[in-house]
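Q: Here it is, the structure, as C-alpha coordinates.
The values are calculated or read from the model by the stated rules, or taken from the named source; none is laboratory data. Remember, it's a predicted structure, so these values are computed and weren't measured experimentally. We place every Cβ from the backbone using ideal geometry, glycine too, and count neighbours over all the protein chains shown. What goes into the accessible areas is simple: the full protein's heavy atoms, side chains included, and nothing from ligands, DNA or RNA. Shrake-Rupley method; radii C 1.70, N 1.55, O 1.52, S 1.80 Å.
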Amino acid sequence: MTQFKFSKRVPADGTDAVGAILKAAADPQIISFAGGLPAPELFPVKEMKAAVDKVFATHGQEAMQYGAAKGVTALRELIQHHVKEKENVDAELDNVLVTTGSEQVLDLVGKAFVNPGDTVLVEQPTYLCALDVFKTYGANFAGVEMDEQGMKMDALEEALKSRPNTKLVYTVPNFQNPTGRTMALDRRQKLAELAAKYDVYVLEDNPYGEIRFAGQHVPAVKSFDKTGHVFYMSTFSKTLAPGFRLGWLVADADVVNKLTVLKQSADLHTDNLVQYAVAQFFADNDVDAHVREISDLYGKRKQLMADGIKQYFPAGVKYTDPEGGMFLWVEVPGVDDTVELFKECLKHNVAFVPGDPFFAGKPQPGAFRLNYSNAPEDKIKAGMKQLGEALQDAVAGK
Ligand SMILES: Cc1ncc(COP(=O)(O)O)c(C=O)c1O
(Lines give C-alpha, C1' and ligand atoms only; values in the text may rest on other atoms or scores of the structure.)
Protein backbone atom coordinates (compact mmCIF):
# COMPACT_ATOMS: atom_id res chain seq x y z
CA MET A 1 0.00 0.00 0.00
CA THR A 2 1.27 3.46 -0.87
CA GLN A 3 1.79 5.75 2.08
CA PHE A 4 0.72 9.07 0.59
CA LYS A 5 2.69 12.10 1.70
CA PHE A 6 -0.20 14.53 2.18
CA SER A 7 0.52 18.16 2.95
CA LYS A 8 0.28 19.51 6.48
CA ARG A 9 -3.09 21.02 5.58
CA VAL A 10 -4.69 17.58 5.47
CA PRO A 11 -5.97 16.62 8.94
CA ALA A 12 -3.65 13.96 10.38
CA ASP A 13 -6.41 11.79 11.83
CA GLY A 14 -8.27 11.86 8.49
CA THR A 15 -11.58 10.96 10.14
CA ASP A 16 -14.89 12.53 9.34
CA ALA A 17 -16.74 12.25 12.64
CA VAL A 18 -19.79 14.18 11.48
CA GLY A 19 -19.92 12.24 8.21
CA ALA A 20 -20.04 9.04 10.25
CA ILE A 21 -22.91 10.45 12.34
CA LEU A 22 -24.90 11.50 9.28
CA LYS A 23 -24.27 8.11 7.69
CA ALA A 24 -25.57 6.31 10.77
CA ALA A 25 -28.59 8.64 10.80
CA ALA A 26 -29.36 7.96 7.13
CA ASP A 27 -30.79 4.49 7.91
CA PRO A 28 -34.45 4.68 6.73
CA GLN A 29 -35.58 3.19 10.09
CA ILE A 30 -34.25 6.26 11.82
CA ILE A 31 -36.01 9.58 12.21
CA SER A 32 -33.16 11.99 11.74
CA PHE A 33 -32.95 15.52 13.08
CA ALA A 34 -29.22 15.37 12.38
CA GLY A 35 -28.79 16.86 8.90
CA GLY A 36 -29.02 20.51 7.95
CA LEU A 37 -31.15 20.29 4.84
CA PRO A 38 -33.92 22.66 3.72
CA ALA A 39 -37.42 21.29 3.00
CA PRO A 40 -37.18 19.95 -0.58
CA GLU A 41 -40.95 20.20 -1.13
CA LEU A 42 -40.53 23.98 -1.25
CA PHE A 43 -37.78 24.02 -3.85
CA PRO A 44 -39.19 26.12 -6.72
CA VAL A 45 -38.65 23.40 -9.34
CA LYS A 46 -41.25 24.54 -11.89
CA GLU A 47 -40.34 28.22 -11.67
CA MET A 48 -36.64 27.46 -11.89
CA LYS A 49 -37.18 25.29 -14.95
CA ALA A 50 -39.01 28.21 -16.58
CA ALA A 51 -36.10 30.51 -15.69
CA VAL A 52 -33.54 28.11 -17.16
CA ASP A 53 -35.64 27.72 -20.33
CA LYS A 54 -35.76 31.47 -20.72
CA VAL A 55 -32.00 31.79 -20.26
CA PHE A 56 -31.40 29.16 -22.93
CA ALA A 57 -33.86 30.89 -25.26
CA THR A 58 -32.40 34.38 -24.83
CA HIS A 59 -28.69 34.03 -24.04
CA GLY A 60 -27.88 30.32 -23.98
CA GLN A 61 -24.46 30.73 -25.55
CA GLU A 62 -23.27 33.27 -22.96
CA ALA A 63 -24.62 31.06 -20.19
CA MET A 64 -22.58 28.13 -21.49
CA GLN A 65 -19.39 30.10 -22.12
CA TYR A 66 -16.57 30.83 -19.62
CA GLY A 67 -17.46 33.87 -17.57
CA ALA A 68 -16.03 36.53 -15.27
CA ALA A 69 -14.41 35.44 -12.00
CA LYS A 70 -16.40 38.01 -10.02
CA GLY A 71 -19.66 36.67 -11.36
CA VAL A 72 -22.39 37.57 -13.83
CA THR A 73 -23.06 41.33 -13.68
CA ALA A 74 -26.85 40.96 -13.55
CA LEU A 75 -26.56 38.72 -10.50
CA ARG A 76 -24.00 40.96 -8.79
CA GLU A 77 -26.34 43.92 -9.28
CA LEU A 78 -29.17 41.88 -7.84
CA ILE A 79 -27.05 41.04 -4.77
CA GLN A 80 -26.01 44.68 -4.45
CA HIS A 81 -29.68 45.75 -4.24
CA HIS A 82 -30.65 42.76 -2.13
CA VAL A 83 -28.17 43.55 0.67
CA LYS A 84 -29.32 47.18 0.68
CA GLU A 85 -33.00 46.23 0.84
CA LYS A 86 -32.68 43.39 3.35
CA GLU A 87 -29.72 44.44 5.50
CA ASN A 88 -29.22 48.15 4.94
CA VAL A 89 -25.73 47.42 3.62
CA ASP A 90 -24.42 49.99 1.12
CA ALA A 91 -22.44 48.28 -1.61
CA GLU A 92 -21.08 49.23 -5.03
CA LEU A 93 -20.73 46.60 -7.70
CA ASP A 94 -16.99 46.43 -6.87
CA ASN A 95 -17.89 45.20 -3.39
CA VAL A 96 -19.71 42.07 -4.61
CA LEU A 97 -18.16 38.70 -5.39
CA VAL A 98 -20.28 35.72 -6.44
CA THR A 99 -18.98 32.44 -5.01
CA THR A 100 -19.55 28.72 -5.39
CA GLY A 101 -21.73 28.39 -2.30
CA SER A 102 -21.02 30.68 0.61
CA GLU A 103 -18.76 27.88 1.85
CA GLN A 104 -16.27 29.15 -0.72
CA VAL A 105 -16.17 32.53 1.04
CA LEU A 106 -14.98 30.77 4.19
CA ASP A 107 -12.23 29.11 2.21
CA LEU A 108 -11.18 32.27 0.35
CA VAL A 109 -11.14 34.36 3.52
CA GLY A 110 -9.11 31.66 5.27
CA LYS A 111 -6.66 31.54 2.37
CA ALA A 112 -6.41 35.32 2.07
CA PHE A 113 -6.11 36.26 5.74
CA VAL A 114 -5.15 33.38 8.02
CA ASN A 115 -1.45 32.64 8.43
CA PRO A 116 -0.44 29.57 10.45
CA GLY A 117 -0.66 30.53 14.13
CA ASP A 118 -3.09 33.43 13.64
CA THR A 119 -5.97 33.40 16.05
CA VAL A 120 -9.54 33.13 14.83
CA LEU A 121 -12.17 33.94 17.45
CA VAL A 122 -15.40 32.00 17.13
CA GLU A 123 -18.68 31.73 18.93
CA GLN A 124 -18.79 28.90 21.41
CA PRO A 125 -20.29 26.74 19.82
CA THR A 126 -19.96 27.60 16.11
CA TYR A 127 -20.54 26.25 12.58
CA LEU A 128 -18.30 23.22 12.47
CA CYS A 129 -17.32 23.50 8.79
CA ALA A 130 -15.90 26.98 9.49
CA LEU A 131 -13.64 25.39 12.10
CA ASP A 132 -12.55 22.81 9.51
CA VAL A 133 -11.80 25.47 6.90
CA PHE A 134 -9.77 27.80 9.14
CA LYS A 135 -7.93 24.82 10.63
CA THR A 136 -6.72 24.00 7.11
CA TYR A 137 -4.92 27.35 7.07
CA GLY A 138 -3.29 26.78 10.45
CA ALA A 139 -5.61 28.90 12.63
CA ASN A 140 -5.53 28.76 16.39
CA PHE A 141 -9.03 29.09 17.77
CA ALA A 142 -10.40 30.68 20.85
CA GLY A 143 -14.07 30.31 21.69
CA VAL A 144 -16.04 33.34 22.83
CA GLU A 145 -18.87 32.74 25.25
CA MET A 146 -22.47 33.26 24.09
CA ASP A 147 -25.77 33.78 25.83
CA GLU A 148 -29.30 34.07 24.49
CA GLN A 149 -28.31 37.42 22.89
CA GLY A 150 -25.43 35.90 20.93
CA MET A 151 -21.68 36.43 21.33
CA LYS A 152 -20.87 38.35 24.53
CA MET A 153 -19.01 41.53 23.69
CA ASP A 154 -17.19 41.82 27.05
CA ALA A 155 -15.86 38.28 26.53
CA LEU A 156 -14.89 39.19 22.98
CA GLU A 157 -12.99 42.29 24.08
CA GLU A 158 -11.16 40.27 26.74
CA ALA A 159 -10.15 37.76 24.06
CA LEU A 160 -9.00 40.53 21.72
CA LYS A 161 -6.85 42.06 24.49
CA SER A 162 -5.31 38.77 25.54
CA ARG A 163 -4.69 37.54 21.98
CA PRO A 164 -2.98 40.29 20.02
CA ASN A 165 -2.40 37.95 17.07
CA THR A 166 -6.14 37.71 16.40
CA LYS A 167 -6.85 38.13 12.71
CA LEU A 168 -10.50 37.25 12.37
CA VAL A 169 -13.73 37.06 14.35
CA TYR A 170 -16.22 34.66 12.80
CA THR A 171 -19.91 35.03 13.64
CA VAL A 172 -23.27 33.70 12.48
CA PRO A 173 -25.45 36.43 13.98
CA ASN A 174 -28.88 35.25 12.80
CA PHE A 175 -30.40 31.95 13.98
CA GLN A 176 -26.93 30.61 14.43
CA ASN A 177 -25.88 27.16 13.33
CA PRO A 178 -25.90 25.25 15.71
CA THR A 179 -27.78 27.11 18.51
CA GLY A 180 -30.47 29.07 16.65
CA ARG A 181 -29.52 32.18 18.66
CA THR A 182 -29.59 35.72 17.26
CA MET A 183 -27.16 38.48 18.19
CA ALA A 184 -28.77 41.56 19.74
CA LEU A 185 -28.65 44.89 17.92
CA ASP A 186 -26.39 46.69 20.43
CA ARG A 187 -23.89 43.83 20.23
CA ARG A 188 -23.76 44.11 16.44
CA GLN A 189 -22.93 47.77 16.73
CA LYS A 190 -20.29 47.01 19.36
CA LEU A 191 -18.82 44.22 17.25
CA ALA A 192 -18.26 46.59 14.31
CA GLU A 193 -16.64 49.09 16.71
CA LEU A 194 -14.36 46.48 18.29
CA ALA A 195 -13.22 45.26 14.87
CA ALA A 196 -12.10 48.79 13.98
CA LYS A 197 -10.58 49.47 17.42
CA TYR A 198 -8.49 46.28 17.49
CA ASP A 199 -7.92 46.22 13.72
CA VAL A 200 -9.29 42.70 13.25
CA TYR A 201 -11.73 41.49 10.61
CA VAL A 202 -15.23 40.24 11.25
CA LEU A 203 -16.58 37.56 8.93
CA GLU A 204 -20.35 37.88 9.21
CA ASP A 205 -21.97 34.69 7.90
CA ASN A 206 -25.69 35.10 7.28
CA PRO A 207 -27.24 32.10 5.53
CA TYR A 208 -30.41 32.05 7.67
CA GLY A 209 -31.33 35.70 8.29
CA GLU A 210 -34.18 35.80 5.78
CA ILE A 211 -35.83 32.69 7.23
CA ARG A 212 -37.51 34.54 10.12
CA PHE A 213 -40.85 33.28 11.49
CA ALA A 214 -41.07 35.37 14.69
CA GLY A 215 -39.74 38.60 16.16
CA GLN A 216 -38.21 41.59 14.41
CA HIS A 217 -35.47 41.78 11.81
CA VAL A 218 -32.09 42.92 13.19
CA PRO A 219 -29.78 44.71 10.72
CA ALA A 220 -26.45 43.19 9.76
CA VAL A 221 -23.19 43.89 11.61
CA LYS A 222 -21.97 45.07 8.20
CA SER A 223 -24.53 47.89 8.24
CA PHE A 224 -22.62 49.39 11.21
CA ASP A 225 -19.21 49.03 9.57
CA LYS A 226 -17.54 52.37 8.88
CA THR A 227 -14.01 51.13 8.23
CA GLY A 228 -14.31 48.07 5.98
CA HIS A 229 -13.35 45.65 8.76
CA VAL A 230 -16.57 43.63 8.34
CA PHE A 231 -16.91 41.10 5.52
CA TYR A 232 -20.48 39.97 4.87
CA MET A 233 -21.39 36.63 3.29
CA SER A 234 -24.67 34.97 2.41
CA THR A 235 -26.19 32.43 0.07
CA PHE A 236 -29.19 31.35 -1.98
CA SER A 237 -28.92 27.87 -0.41
CA LYS A 238 -31.67 28.33 2.17
CA THR A 239 -34.03 30.62 0.25
CA LEU A 240 -33.85 28.88 -3.16
CA ALA A 241 -31.84 25.66 -3.21
CA PRO A 242 -28.47 24.49 -1.87
CA GLY A 243 -27.77 22.44 -4.99
CA PHE A 244 -27.22 25.64 -6.99
CA ARG A 245 -24.06 26.28 -4.96
CA LEU A 246 -24.52 30.01 -5.17
CA GLY A 247 -23.27 32.35 -2.48
CA TRP A 248 -21.67 35.77 -2.20
CA LEU A 249 -19.33 38.09 -0.38
CA VAL A 250 -19.81 41.82 0.19
CA ALA A 251 -16.61 43.51 1.31
CA ASP A 252 -14.17 46.33 0.61
CA ALA A 253 -13.18 46.38 -3.09
CA ASP A 254 -9.56 45.63 -2.20
CA VAL A 255 -10.65 42.46 -0.37
CA VAL A 256 -12.96 41.48 -3.23
CA ASN A 257 -10.14 41.94 -5.77
CA LYS A 258 -7.66 39.83 -3.81
CA LEU A 259 -10.23 37.10 -3.21
CA THR A 260 -11.14 37.14 -6.89
CA VAL A 261 -7.55 36.22 -7.77
CA LEU A 262 -7.69 33.35 -5.29
CA LYS A 263 -11.07 32.26 -6.59
CA GLN A 264 -9.68 32.17 -10.11
CA SER A 265 -7.08 29.65 -8.96
CA ALA A 266 -9.76 27.59 -7.27
CA ASP A 267 -12.48 27.33 -9.91
CA LEU A 268 -12.09 30.16 -12.49
CA HIS A 269 -15.66 31.24 -11.79
CA THR A 270 -18.99 30.05 -10.44
CA ASP A 271 -21.39 28.17 -12.75
CA ASN A 272 -22.65 30.72 -15.29
CA LEU A 273 -25.92 29.01 -16.14
CA VAL A 274 -27.01 28.94 -12.50
CA GLN A 275 -26.12 32.62 -12.07
CA TYR A 276 -28.14 33.69 -15.12
CA ALA A 277 -31.03 31.43 -14.11
CA VAL A 278 -31.23 32.79 -10.56
CA ALA A 279 -31.17 36.37 -11.84
CA GLN A 280 -34.03 35.40 -14.21
CA PHE A 281 -35.89 33.67 -11.38
CA PHE A 282 -35.78 36.87 -9.32
CA ALA A 283 -37.05 38.91 -12.28
CA ASP A 284 -40.05 36.63 -12.87
CA ASN A 285 -41.14 35.60 -9.35
CA ASP A 286 -42.22 37.03 -6.01
CA VAL A 287 -39.22 35.78 -4.08
CA ASP A 288 -40.30 37.48 -0.84
CA ALA A 289 -43.56 35.48 -0.92
CA HIS A 290 -41.56 32.30 -1.53
CA VAL A 291 -39.28 33.04 1.44
CA ARG A 292 -42.35 33.76 3.62
CA GLU A 293 -43.72 30.35 2.70
CA ILE A 294 -40.47 28.69 3.77
CA SER A 295 -40.39 30.70 7.01
CA ASP A 296 -44.01 29.81 7.84
CA LEU A 297 -43.37 26.11 7.35
CA TYR A 298 -40.20 26.15 9.44
CA GLY A 299 -41.98 28.15 12.15
CA LYS A 300 -44.64 25.44 12.40
CA ARG A 301 -42.03 22.70 12.49
CA LYS A 302 -40.00 24.51 15.14
CA GLN A 303 -43.12 24.83 17.28
CA LEU A 304 -43.90 21.11 16.97
CA MET A 305 -40.35 20.32 18.02
CA ALA A 306 -40.51 22.71 20.99
CA ASP A 307 -43.87 21.17 22.01
CA GLY A 308 -42.28 17.72 21.83
CA ILE A 309 -39.43 18.86 24.08
CA LYS A 310 -41.90 20.19 26.66
CA GLN A 311 -44.02 17.05 26.51
CA TYR A 312 -41.44 14.27 26.39
CA PHE A 313 -37.98 15.43 27.50
CA PRO A 314 -36.69 14.91 31.06
CA ALA A 315 -37.10 17.76 33.55
CA GLY A 316 -34.21 20.20 33.65
CA VAL A 317 -33.44 20.03 29.93
CA LYS A 318 -32.66 23.45 28.44
CA TYR A 319 -33.31 24.42 24.85
CA THR A 320 -33.17 27.47 22.64
CA ASP A 321 -36.30 28.91 21.07
CA PRO A 322 -35.16 30.35 17.71
CA GLU A 323 -37.12 33.00 15.84
CA GLY A 324 -35.95 31.67 12.50
CA GLY A 325 -33.49 29.42 10.73
CA MET A 326 -33.34 25.64 10.85
CA PHE A 327 -31.86 24.54 14.19
CA LEU A 328 -32.40 24.47 17.89
CA TRP A 329 -29.95 23.50 20.61
CA VAL A 330 -30.62 21.23 23.54
CA GLU A 331 -28.64 20.84 26.77
CA VAL A 332 -29.31 17.76 28.86
CA PRO A 333 -27.78 18.06 32.33
CA GLY A 334 -26.03 15.05 33.84
CA VAL A 335 -24.78 13.62 30.52
CA ASP A 336 -20.99 13.22 30.29
CA ASP A 337 -20.60 11.70 26.86
CA THR A 338 -22.86 13.12 24.15
CA VAL A 339 -21.56 10.74 21.47
CA GLU A 340 -22.52 7.82 23.71
CA LEU A 341 -25.94 9.46 24.16
CA PHE A 342 -26.22 9.70 20.36
CA LYS A 343 -25.57 5.95 20.08
CA GLU A 344 -28.27 5.23 22.67
CA CYS A 345 -30.73 7.41 20.75
CA LEU A 346 -29.92 5.55 17.52
CA LYS A 347 -31.15 2.40 19.29
CA HIS A 348 -34.47 4.26 19.73
CA ASN A 349 -34.36 5.02 15.97
CA VAL A 350 -33.84 8.75 16.32
CA ALA A 351 -30.78 10.93 15.61
CA PHE A 352 -29.27 14.38 16.20
CA VAL A 353 -25.78 15.86 15.86
CA PRO A 354 -23.84 15.72 19.14
CA GLY A 355 -22.57 19.16 20.15
CA ASP A 356 -18.88 18.24 20.44
CA PRO A 357 -17.64 19.08 16.91
CA PHE A 358 -19.18 22.57 17.10
CA PHE A 359 -16.76 23.58 19.86
CA ALA A 360 -13.35 25.07 19.20
CA GLY A 361 -12.28 24.18 22.72
CA LYS A 362 -13.69 21.90 25.38
CA PRO A 363 -17.15 20.71 24.36
CA GLN A 364 -20.17 21.16 26.56
CA PRO A 365 -21.34 17.71 27.66
CA GLY A 366 -24.97 16.80 26.99
CA ALA A 367 -25.49 19.43 24.28
CA PHE A 368 -26.77 18.61 20.81
CA ARG A 369 -28.28 20.19 17.69
CA LEU A 370 -31.72 19.40 16.29
CA ASN A 371 -32.80 20.29 12.77
CA TYR A 372 -36.51 20.96 12.20
CA SER A 373 -36.60 22.15 8.57
CA ASN A 374 -36.24 18.81 6.84
CA ALA A 375 -38.67 16.49 8.68
CA PRO A 376 -42.40 16.43 7.89
CA GLU A 377 -44.80 17.08 10.77
CA ASP A 378 -45.69 13.42 11.51
CA LYS A 379 -41.98 12.52 11.70
CA ILE A 380 -41.30 15.42 14.08
CA LYS A 381 -44.11 14.28 16.39
CA ALA A 382 -43.03 10.63 16.36
CA GLY A 383 -39.32 11.42 16.51
CA MET A 384 -39.61 13.76 19.47
CA LYS A 385 -41.51 11.09 21.41
CA GLN A 386 -38.77 8.54 20.63
CA LEU A 387 -36.05 11.03 21.51
CA GLY A 388 -37.80 11.91 24.77
CA GLU A 389 -37.96 8.22 25.73
CA ALA A 390 -34.29 7.73 24.85
CA LEU A 391 -33.27 10.75 26.95
CA GLN A 392 -35.46 9.66 29.88
CA ASP A 393 -33.71 6.26 29.80
CA ALA A 394 -30.27 7.86 29.53
CA VAL A 395 -30.89 10.26 32.41
CA ALA A 396 -32.30 7.43 34.53
CA GLY A 397 -29.07 5.52 33.81
CA LYS A 398 -30.78 2.56 32.12
C1 LIG B 1 -23.40 28.89 9.07
C2 LIG B 1 -23.23 28.37 7.69
N3 LIG B 1 -22.37 28.97 6.88
C4 LIG B 1 -22.18 28.55 5.62
C5 LIG B 1 -22.86 27.47 5.12
C6 LIG B 1 -22.58 27.04 3.71
O7 LIG B 1 -23.67 27.21 2.89
P8 LIG B 1 -23.60 27.21 1.29
O9 LIG B 1 -22.21 26.86 0.89
O10 LIG B 1 -24.60 26.23 0.85
O11 LIG B 1 -23.93 28.61 0.89
C12 LIG B 1 -23.77 26.79 5.94
C13 LIG B 1 -24.48 25.62 5.43
O14 LIG B 1 -25.25 24.98 6.06
C15 LIG B 1 -23.96 27.26 7.26
O16 LIG B 1 -24.80 26.67 8.10
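Q: With (1) over 23 Å from the mean Cα position of the chain (by Cα); (2) in the same structural domain as GLY325 (by TED's automatic domain parsing); (3) within 30 Å of HIS290 (Cβ to Cβ) as the list, and GLN29 as the residue in question, which single condition is left unmet?
A: (3)
Q: Follow-up. For region 91-119, name all the residues that are more than 15 Å from the ligand (Cβ to nearest atom), open to solvent by 20 Å² or more (accessible area, probe 1.4 Å), touching a residue at least 60 places away in the same chain (Cβ under 8 Å) and farther than 12 Å from LEU262 by Cα.
A: GLU92, ASP94, ASN95
Q: Now for a different question. State the number of residues belonging to region 258-286 that are part of a loop (DSSP other than H, G, I, E, B) and surrounded by fewer than 19 Cβ atoms within 10 Å (Cβ to Cβ).
A: Selection size over region 258-286: 4.
Q: Moving to a separate point now. Any residue at all in region 313-333 that's of a type in the set (Gly, Ala, Ser) and within 16 Å of the ligand (Cβ to nearest atom)?
A: Yes - at least one qualifying residue is present in region 313-333.
Q: Check ALA289, ALA315 and return the single one that is part of a loop (DSSP other than H, G, I, E, B), open to solvent by 10 Å² or more (accessible area, probe 1.4 Å) and without any contact (Cβ under 8 Å) to a residue 60 or more places away in the chain.
A: Going through ALA289, ALA315 in turn, the sole match is ALA315.
Q: So in region 120-153, with the set limited to residues that are in a loop (DSSP other than H, G, I, E, B) and touching a helix residue (DSSP H, G or I) at 6+ places or on another chain (Cβ under 7 Å), which one is most open to solvent (accessible area, probe 1.4 Å)?
A: Top of the filtered list is GLN149.
The rows are residues; the columns are (1) in a loop (DSSP other than H, G, I, E, B); (2) on the phi > 0 side of the Ramachandran plot; (3) assigned by TED's automatic domain parsing to the domain that holds LEU297; (4) not charged (D, E, K, R).
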| position | (1), (2), (3), (4) |
| --- | --- |
| PHE4 | yes, no, no, yes |
| SER7 | yes, no, no, yes |
| ALA34 | yes, no, yes, yes |
| MET48 | no, no, no, yes |
| ALA51 | no, no, no, yes |
| PHE56 | no, no, no, yes |
| TYR66 | yes, no, no, yes |
| LEU75 | no, no, no, yes |
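Q: In addition: What are the residues in region 197-227 that are closer than 24 Å to GLU158 by Cα, open to solvent by 20 Å² or more (accessible area, probe 1.4 Å) and part of a loop (DSSP other than H, G, I, E, B), if any?
A: Selection gives TYR198, ASP199, ASP225, LYS226, THR227.
Q: Here is a follow-up. Only one residue in SER234, SER223, SER265 is in the same structural domain as VAL109 (by TED's automatic domain parsing) and free of Cβ contacts under 8 Å to residues at least 12 places away in the same chain. Which one?
A: Result: SER265 is the single residue among SER234, SER223, SER265 that is in the same structural domain as VAL109 (by TED's automatic domain parsing) and free of Cβ contacts under 8 Å to residues at least 12 places away in the same chain.
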